[in-house]
1. Going through the range 165-185 one residue at a time, which ones are among the acidic types (Asp, Glu) and farther than 22 Å from Arg104 by Cβ?
2. Would you confirm whether or not the range 109-118 contains a residue that is surrounded by fewer than 13 Cβ atoms within 10 Å (Cβ to Cβ), without any contact (Cβ under 8 Å) to a residue 24 or more places away in the chain and on the phi > 0 side of the Ramachandran plot?
3. Identify, by number, the condition in (1) farther than 20 Å from Leu170 by Cβ; (2) surrounded by fewer than 13 Cβ atoms within 10 Å (Cβ to Cβ) that Pro71 doesn't meet.
4. Can you tell me which residues in the range 21-40 are surrounded by 15 or more Cβ atoms within 10 Å (Cβ to Cβ) and over 22 Å from Ser150 (Cα atoms)?
5. Looking at Leu188, Leu142 in this structure, which one is more than 26 Å from Asp70 (Cβ to Cβ), crowded, with 17+ Cβ neighbours inside 10 Å and over 16 Å from the mean Cα position of the chain (by Cα)?
Amino acid sequence: MRLFVSVDLPDDLAEPVADLQAEFADASGLNFVEPEQAHVTLKFLGDVDEERLPALTDELGAAVDDSGVDPFTVRYGGLGVFPSLEYISVVWLGVDSGGEEFTRLHESIEDRTTAMGFDPEDHEFTPHVTLARMEHAGGKELVQDLVRASEDADGEEFAVGETRVEEVRLTESTLTNDGPVYSTVESLPLE
């Protein structure tokens, strides 16, 4: 099972995410994420043997409790890229508010999962929603222009909306010819 830990965006934000992606329609080389599958990844776990699931879900539940994060409101807005504007591999939607809670959840999950033997993250955690992956640099200049405009804007033009986060999910990613299909393995409520 190919697994990751996430906070999913609700269905009512799929259309605003699609509208934001449409801003990049003329940028060649982008492979867009399905708006209905938009999420914030807290930890990518990779291939996990099904026999490890009970222990993993126990540890993730403990990590969520350890984080001390109660249900919170998150506001999604702004644009960014990884790793840099000069070499773009991912275009993302940022988190205007709620970033501290995401970071606390990530750190707690990271501690518990690395103690179980999962690989530690090799980069600093930045809460974000992946909008697209750049397959080639044909549309790089348009992406750069939009990201710079987002940095200069008051935030409203590149805002998607806000929602209440009440759970973290252990999610399975099944790779298909039409792209990944996500399904929830376990829901872990914030209390």
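1. Of the range 165-185, the ones among the acidic types (Asp, Glu) are 166-167, 172, 178.
Glu172, Asp178 - these are the residues of the range 165-185 that are among the acidic types (Asp, Glu) and farther than 22 Å from Arg104 by Cβ.
2. Scanning the range 109-118, I find at least one residue that is surrounded by fewer than 13 Cβ atoms within 10 Å (Cβ to Cβ), without any contact (Cβ under 8 Å) to a residue 24 or more places away in the chain and on the phi > 0 side of the Ramachandran plot, so the answer is yes.
3. Pro71 satisfies every listed condition except (1).
4. At the first step, the residues of the range 21-40 found to be surrounded by 15 or more Cβ atoms within 10 Å (Cβ to Cβ) are 21, 23-24, 27, 29-30, 32-35, 37-40.
The one that is surrounded by 15 or more Cβ atoms within 10 Å (Cβ to Cβ) and over 22 Å from Ser150 (Cα atoms): Gln37.
5. Values: Leu188 fails: more than 26 Å from Asp70 (Cβ to Cβ).
Result: Leu142 is the single residue among Leu188, Leu142 that is more than 26 Å from Asp70 (Cβ to Cβ), crowded, with 17+ Cβ neighbours inside 10 Å and over 16 Å from the mean Cα position of the chain (by Cα).
Each reported figure results from applying straightforward, stated rules to the coordinates on display, with no laboratory input. Just so it is clear, the structure is predicted and the values come from calculations on it, not from any experiment. Here the Cβ is made from the backbone with ideal geometry for all residues, glycine too, and neighbour counts use every protein chain on show.
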